[in-house]
Amino acid sequence: MRTLKNPIGLAWAVVALLAGNIVFDVLLGLIDVRNLAADETDFYDPAAFGPINLNVAYSLSRLLYWATGIVFIIWFYRLRKNAEIWARDLQSRTPGWAIGSWFIPIANFWIPQVIAADIWRASRREPYAADGKRELALLNSWWACWNIGIVAEMIATMQYKFAETIEAWTTATWWSLAGYVLDAVAAVLAILVVQRLTSMQHAKATGMIPAAQ
């Protein structure tokens, strides 16, 4: 017999990690802003940032990013397993996809969002009702910012790789800044998504009135 799993503890961990990512996005974004405002003599001069060790900052940011991803996927999988109990026939993919879909190139741009929407429907008061107007707006906004931010970061990485002039570095920095801004916005929206879905599942599991949808 399947049993529901409480996602609240994991949700708090995800929220805390996402908040940390926002802090790093703001910090590294400000570094990009500083570089864009700098003249050619100190553009990307590490000494210009005083006590901030850029290599350490970037490494910590990447470490936190991966830690957040791991905990988020564990939380996501737990919600997908709960959705299986409430509305199995509404789930377009098996629970294993809640983990594996994040690691499939190209497909990871849309499959996790489909799974998240399936979880959302199973977790609401009436799983089989038609989607309300703009009901999935929060979920879709988070996913759009997340994907566009990834693309911006990929472009920035390629630009930096082949940059040989100040102009090329400047272009790469603009893309990098866009990536940090979008990532920060996506993290804020992700926090709201995590809180909303966790609240919906907790309310449904305990028989309380579901959170506003």
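The lone criterion from (1) under 22 Å from residue 27 (Cβ atoms); (2) surrounded by 17 or more Cβ atoms within 10 Å (Cβ to Cβ); (3) not hydroxyl-bearing (Ser, Thr, Tyr) left unmet by residue 154 is number (2). Each residue in segment 97-115 was checked for being farther than 13 Å from residue 143 by Cβ, in a helix (DSSP H, G or I) and hydrophobic (A, V, I, L, M, F, W, C), and 5 of them qualify. You will find that of 168, 117, the residue that is surrounded by 13 or more Cβ atoms within 10 Å (Cβ to Cβ) and at pLDDT 95 or above is 117 and no other.
Would you check if there is a residue in segment 41-50 being of a type in the set (Phe, Trp, Tyr), at pLDDT 90 or above and surrounded by 15 or more Cβ atoms within 10 Å (Cβ to Cβ)? No, segment 41-50 contains no residue that is of a type in the set (Phe, Trp, Tyr), at pLDDT 90 or above and surrounded by 15 or more Cβ atoms within 10 Å (Cβ to Cβ). Here residue 184 meets each of (1) modelled with pLDDT under 95; (2) out of contact with any Ser or Thr (no Cβ under 9 Å at 6 or more places or on another chain); (3) aliphatic (A, V, I, L, M) with one exception, condition (1). Determine whether residue 61 is under 25 Å from residue 12 (Cα atoms), out of contact with any strand residue (DSSP E or B) (no Cβ under 7 Å at 6 or more places or on another chain) and modelled with pLDDT of 95 or more. For residue 61, the condition - under 25 Å from residue 12 (Cα atoms), out of contact with any strand residue (DSSP E or B) (no Cβ under 7 Å at 6 or more places or on another chain) and modelled with pLDDT of 95 or more - is not met. Restricting segment 116-167 to residues that are touching a Pro at 6+ places or on another chain (Cβ under 8 Å) and assigned to a loop (DSSP other than H, G, I, E, B), the residue that is farthest from residue 200 (Cα to Cα) is 125. Hey, any hits in segment 82-97 for a residue that's in contact with a Phe, Trp or Tyr (Cβ under 6 Å, 6 or more places away or on another chain), small (Gly, Ala, Ser) and at pLDDT 95 or above? Looking for residues that are in contact with a Phe, Trp or Tyr (Cβ under 6 Å, 6 or more places away or on another chain), small (Gly, Ala, Ser) and at pLDDT 95 or above, one finds none in segment 82-97, hence no.
The values are calculated or read from the model by the stated rules, or taken from the named source; none is laboratory data. If you're wondering where the values come from, they're calculated on a predicted model, not measured in any experiment. Because the Cβ atoms are built from the backbone with ideal geometry, glycine has one as well, and the counts that use them run over all protein chains shown.
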